[in-house]
Amino acid sequence: MQADILAWAVPATFLTFGIGFALLGRIGAGLYAWSGCFCLAALAYALTVIPTPPGAIAKPLFEDSLFLLALSGANVAFASRAGRRPRYGVIAAIVGASLLGAYLALRLTGSAQFEIFSIQAGCSLLMLLAATTIRRRSGRMMDQVLFWLCILVAASLGLQNLVFLSTPLDQPMTVANWRDSPWAFVFQFSGAVTGVLIAFAILAAIGLDVIEHHRTSSDMDALTLVRNRRGFERRVAELRRAAGPLAPGAIILADLDFFKRINDRHGHEAGDAVLCGFATLLERMVGTRGCVCRFGGEEFAVFLASSDLAGAQVFAQSLQSALRAVRWPFALADLRVTASFGVVALAPGEHLWDAASRADTLLYVAKSHGRDRVIADAIAPASAPARTAFAPAS
C-alpha cells in the first residue's frame with residue numbers, strides 16, 4: 001500500500017519534533033504548545049496506520065479530533081509568540097463545526113469522503129486563523145515566513161479538498177478502505193511535508209530570537225534596563241540614518257545631583273531605586289522621539305531625533321521639572337532628587353561622541369554653577385574647565 005510507505009515515518013518524525021520542542025520549552029514563547037501540537041499530530045498519524053473496522057465512527061472521529069486539536073495547539077503557540085490571548089472561541093467553533101460535519105457524514109451517509117472534506121476544511125480554517133494571529137506581530141523576517149507557511153498550508157488543504165471532492169471515485173470511500181486509496185498517501189505526504197517545514201521554521205525563528213535576545217541584552221544596562229553606550233551608539237546611528245544626513249538632532253546629558261549622599265544616607269539599594277526611577281522617567285518622557293542611555297554611575301544621555309537646540313532645551317527643562325515633582329516611596333518619601341543637564345544640537349555629520357563631549361562640558365558648567373539647572377548652547381563656553389572627552393564604547 002502507498003500509504004504504508006510513510007505509515008510510521010510520519011508519526012515518528014512528528015513525535016521527535018514534539019519531544020524536541022518540549023526540551024527547548026524554556027527558551028522560546030509557545031514551544032510547549034508546539035510540543036503538544038506535534039505530539040497530538042504524531043498520535044493521530046499513528047492511529048491512521050491501524051485498520052478501521054467497516055462502519056466505525058468512534059475511531060475516525062477520535063483521529064479527526066486529534067488533528068484538529070493539533071492545529072488548535074498551533075494557534076495557541078502562534079498567539080503566545082505574538083504576545084496575544086488565543087482566540088479560543090473561534091477555535092472551538094471551527095473544531096466543533098468540523099467534527100459535527102464529520103459525524104453527520106459518517107452517520108448519515110457512511111462516506112469517508114465527506115468526513116475527510118469536513119475535517120480538511122476545519123484544518124484549513126485553523127491555519128488561516130493562525131496566519132491572522134502571527135500577522136499581527138511586528139514585521140520580523142521569520143514571522144513573515146511563518147505567516148506565508150500558514151497561508152500555504154491553508155491553501156494546500158483547500159485545493160486538495162476541491163480536487164478530492166470533484167474527482168470521481170471507482171468505488172464509495174469508507175473508513176475501511178480509505179487507507180488503501182491514493183488519497184490517503186497524498187494527504188499523509190502533504191501533511192508530513194508541511195509539518196516538517198513549519199517545525200524547521202519554528203526552530204529557525206527561535207534561534208534568531210535567542211540571537212536577538214543576546215544582542216539586545218549586550219546593548220542594555222543591566223540595572224536600569226535602558227541602553228548602555230554600545231546600544232546607544234547603535235540606536236542613534238539608526239535614528240540618524242532614518243532621518244537623513246541633514247535632519248536635526250540633539251543630545252541631553254543628565255547627571256543626578258548629590259547622588260553620593262543618597263547612597264551614604266539611605267544605602268545603595270535606595271540609590272539603585274533612584275537610578276531605576278530616573279531611567280523610567282526618561283524613557284516615558286522620550287517615548288518614540290529618541291532613545292535613552294545610562295553612561296555609567298548616575299549619568300544618563302538622551303538623544304532626540306529631528307529636534308533642534310531650542311526644542312531640546314525645552315524638553316530638558318520639562319525633565320527637570322518632572323524629576324523635581326517625583327514622590328519617592330517608603331523610606332525615600334522625604335527625598336527631593338534633582339539633576340543637572342547639558343544640551344547640544346548635533347551639527348550635520350557630527351560624530352555622536354564629539355557632540356556628547358560638548359554636552360558633557362555644558363553639564364560640568366551646570367554642576368559648577370549650583371546644580372539643578374539646564375545649560376544649552378551649540379558651542380560650549382571657552383572658559384569652561386576641560387573634561388575627559390567621550391569615546392565610543394569598546
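For the stretch 84-95, the candidate set comprises residues that are closer than 30 Å to L208 by Cβ and surrounded by fewer than 18 Cβ atoms within 10 Å (Cβ to Cβ); within that set, the residue that is nearest to the chain's Cα centre (by Cα) is R84.
When you look at F187, is it crowded, with 18+ Cβ neighbours inside 10 Å and not β-branched (V, I, T), yes or no? Considered against the rule, which asks whether it is crowded, with 18+ Cβ neighbours inside 10 Å and not β-branched (V, I, T), F187 comes out as yes. When each of I27, I116, I134 is tested for being β-branched (V, I, T), buried (at least 22 other Cβ atoms within 10 Å of the Cβ), modelled with pLDDT under 85 and assigned by TED's automatic domain parsing to the domain that holds L15, the lone residue that passes is I134. Selection of first residues in the stretch 223-243 that are farther than 14 Å from R289 by Cβ and touching a residue at least 40 places away in the same chain (Cβ under 8 Å) and of second residues that are among the small types (G, A, S) and part of a helix (DSSP H, G or I), restricted to Cβ pairs under 6 Å at least 6 apart or on distinct chains, gives the following pairs, ordered by first then second residue: T224/A279; V226/A279.
The selection criterion, being surrounded by 18 or more Cβ atoms within 10 Å (Cβ to Cβ) and either among the charged types (D, E, K, R) or at pLDDT below 90 (or both), does not hold for A56. Can you confirm whether the stretch 336-352 contains a residue that is of a type in the set (F, W, Y), crowded, with 18+ Cβ neighbours inside 10 Å and modelled with pLDDT of 95 or more? Taking every residue of the stretch 336-352 in turn, at least one turns out to be of a type in the set (F, W, Y), crowded, with 18+ Cβ neighbours inside 10 Å and modelled with pLDDT of 95 or more.
If you go through the stretch 268-307 and keep only what is in a helix (DSSP H, G or I), closer than 21 Å to L239 by Cβ and touching a strand residue (DSSP E or B) at 6+ places or on another chain (Cβ under 7 Å), you end up with A279, L282, E283, V286.
Here's the yes/no breakdown for (1) without any contact (Cβ under 8 Å) to a residue 60 or more places away in the chain; (2) of a type in the set (A, V, I, L, M, F, W, C); (3) assigned by TED's automatic domain parsing to the domain that holds A77:
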| residue | (1), (2), (3) |
| --- | --- |
| I151 | yes, yes, yes |
| N161 | yes, no, yes |
| S166 | yes, no, yes |
| A176 | no, yes, yes |
| G191 | no, no, yes |
| V196 | no, yes, yes |
| A201 | yes, yes, yes |
| G207 | yes, no, yes |
| E212 | yes, no, yes |
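Has the stretch 74-83 got at least one residue that is surrounded by fewer than 18 Cβ atoms within 10 Å (Cβ to Cβ) and either outside the structural domain of I211 (by TED's automatic domain parsing) or under 26 Å from the mean Cα position of the chain (by Cα) (or both)? Yes, the stretch 74-83 contains a residue that is surrounded by fewer than 18 Cβ atoms within 10 Å (Cβ to Cβ) and either outside the structural domain of I211 (by TED's automatic domain parsing) or under 26 Å from the mean Cα position of the chain (by Cα) (or both). Count, please, the residues in the stretch 357-394 that happen to be at pLDDT below 90 and among the aliphatic types (A, V, I, L, M). Result for the stretch 357-394: 9. Restricting attention to the stretch 262-311, the residues that are among the hydroxyl-bearing types (S, T, Y) and out of contact with any helix residue (DSSP H, G or I) (no Cβ under 8 Å at 6 or more places or on another chain) total 2. When the stretch 87-113 is filtered for residues that are of a type outside the set (A, V, I, L, M) and touching a residue at least 40 places away in the same chain (Cβ under 8 Å), the ones remaining, listed by number, are R87, Y103, R107, G110, S111, Q113. With respect to the conditions (1) in a helix (DSSP H, G or I); (2) surrounded by 14 or more Cβ atoms within 10 Å (Cβ to Cβ), A176 falls short on a single one, namely (1). Is it the case that some residue within the stretch 316-326 is within 24 Å of D219 (Cα to Cα), outside any helix (DSSP H, G or I) and out of contact with any Leu (no Cβ under 7 Å at 6 or more places or on another chain)? No, the stretch 316-326 contains no residue that is within 24 Å of D219 (Cα to Cα), outside any helix (DSSP H, G or I) and out of contact with any Leu (no Cβ under 7 Å at 6 or more places or on another chain).
Residues that are surrounded by fewer than 22 Cβ atoms within 10 Å (Cβ to Cβ) and among the small types (G, A, S) within the stretch 291-311 comprise G296, G297, A305, S306, A310, G311, listed in sequence order.
The values are calculated or read from the model by the stated rules, or taken from the named source; none is laboratory data. Worth saying up front: this structure is predicted, and the values here are computed from it rather than measured. Please note: Cβ atoms are built from the backbone with ideal geometry, for glycine as well, and neighbour counts cover all protein chains shown.
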